[in-house]
Amino acid sequence: MHRPNDSYFAELEQELAALSLAEREAILRELRSHYDDAAADPTADDQILRLGLPFQADQFGRKLKRIHRSAKREAAKHRTMMIIATVIASIAIVLSFVFPWFDGNLLAFILGGTAAICSILSVVGIWLPKQTIGQWLFWSGSTGLTLIGLPSVISFSSFYLIFGPLLLWTGTRLQRTY
Amino acid sequence: MFERELLKGSLGLMLMALVEQGPMYGYLIAKEIRALTDDVIDLKEGSLYPALHRLEKEGMIEGFWQRREDGVDRRYYRITAAGQAVLDERRAQWSRFSAAVSKVVSDAPSQ
């Protein structure tokens, strides 16, 4: 009885790993239907039938489950980082509006307004479906917020020095999961 | 067995040509390709399904689920109008290209 070798699974794994989670889900559903068809086909030769055999199904299933699990882990990690970055940016937006009132001078309002815009850009960037533009917006926003931290120290508050780098750090983590 | 790249270049054309005849599902497509090529091309599922999904994403074919008599779902594919136009063009290109390559490869004087 011919059994598919490791290179067969490696090839399949490689092809599937390159796809998005949604595409992989769709293909896995089709593969299940494919093996049902193979098992029900009386004209199927040994080469086709081998795929329906319990041994192969088990081995194949385990390989796919591994890909699937790691993809789900990645997606969950990405989502968590997106939420953390959104929370940080949202706090920065609120504080950008509140802090200038304590100081009351023009520079504080200019810096606070710019920081609010940068934070909003970051939030939009995080959730924008178009990933390239989203990443660009997020990095511009978080870098802008960090830069604002420097003059704001002499003006009214050093909080941007905390939130800017915090957002940049989150972005770096987020970047790894993109 | 063929070189991977050689198959990749013509896979889309073969798949579109097959679903042009009517809605077909993955297993049947693989079986048809094996039969039509006298078992020369044995398409693996890892290549077949991603290729079908790529074509679907490009709007060349469209897929739809249909329930079989035994209650199991099966995904069928059919060609779209845009796919038909591209297929007609690529089919003509392929005929010219394969004839040209054959001439060079078969008729080239060996050194």
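The values are calculated or read from the model by the stated rules, or taken from the named source; none is laboratory data. Just so we're clear, the structure is a prediction, and the values are computed from it rather than from any experiment. Cβ coordinates were reconstructed from backbone atoms using ideal geometry, including for glycine residues, and neighbour counts include every protein chain displayed. The protein model used for the area step is the full one, side chains on, heavy atoms only, and it has no ligands, DNA or RNA in it. Shrake-Rupley method; radii C 1.70, N 1.55, O 1.52, S 1.80 Å.
Being surrounded by fewer than 19 Cβ atoms within 10 Å (Cβ to Cβ), more than 29 Å from A:SER20 (Cα to Cα), at pLDDT below 80 and aliphatic (A, V, I, L, M) is the requirement here; does A:LEU150 meet it?
So A:LEU150 passes the test.
Across region B:42-63, what is the total count of residues that are more than 10 Å from every other protein chain (Cβ to nearest Cβ) and at negative phi?
6
Need the failing condition index for B:GLN66 against (1) within 14 Å of chain A (Cβ to nearest Cβ); (2) open to solvent by less than 30 Å² (accessible area, probe 1.4 Å), just the number.
(2)
Filter region B:22-48 down to the residues that are modelled with pLDDT of 85 or more and among the hydroxyl-bearing types (Ser, Thr, Tyr) and list them by number.
Listed by number, the residues that qualify are B:TYR25, B:TYR27, B:THR37.
Whether any residue in region B:5-26 is within 24 Å of A:ALA26 (Cα to Cα), part of a helix (DSSP H, G or I), within 13 Å of chain A (Cβ to nearest Cβ) and not hydrophobic (A, V, I, L, M, F, W, C) is what I want to check.
Taking every residue of region B:5-26 in turn, at least one turns out to be within 24 Å of A:ALA26 (Cα to Cα), part of a helix (DSSP H, G or I), within 13 Å of chain A (Cβ to nearest Cβ) and not hydrophobic (A, V, I, L, M, F, W, C).
Which residues, counting only those in region B:69-103, are away from chain A (no Cβ under 14 Å), without any contact (Cβ under 8 Å) to a residue 60 or more places away in the chain and not small (Gly, Ala, Ser)? Explain how you work it out, then say what you get.
First, the residues of region B:69-103 that are away from chain A (no Cβ under 14 Å): B:78-103.
From the residues that got through so far, the ones that are without any contact (Cβ under 8 Å) to a residue 60 or more places away in the chain too are B:78, B:80-82, B:85, B:88-89, B:92-93, B:95-103.
Result: B:ARG78, B:THR80, B:ASP88, B:GLU89, B:GLN93, B:ARG96, B:PHE97, B:VAL101, B:LYS103.
Just one of B:ASP38, B:ASP42 is within 22 Å of A:PRO42 (Cβ to Cβ), touching a Lys or Arg at 6+ places or on another chain (Cβ under 7 Å) and free of Cβ contacts under 8 Å to residues at least 24 places away in the same chain; which is it?
Among B:ASP38, B:ASP42, only B:ASP42 is within 22 Å of A:PRO42 (Cβ to Cβ), touching a Lys or Arg at 6+ places or on another chain (Cβ under 7 Å) and free of Cβ contacts under 8 Å to residues at least 24 places away in the same chain.
In this structure, is B:ALA92 at pLDDT below 90, of a type in the set (A, V, I, L, M, F, W, C) and open to solvent by 40 Å² or more (accessible area, probe 1.4 Å)?
Working: at pLDDT below 90: no; of a type in the set (A, V, I, L, M, F, W, C): yes; open to solvent by 40 Å² or more (accessible area, probe 1.4 Å): yes.
It is false that B:ALA92 is at pLDDT below 90, of a type in the set (A, V, I, L, M, F, W, C) and open to solvent by 40 Å² or more (accessible area, probe 1.4 Å).
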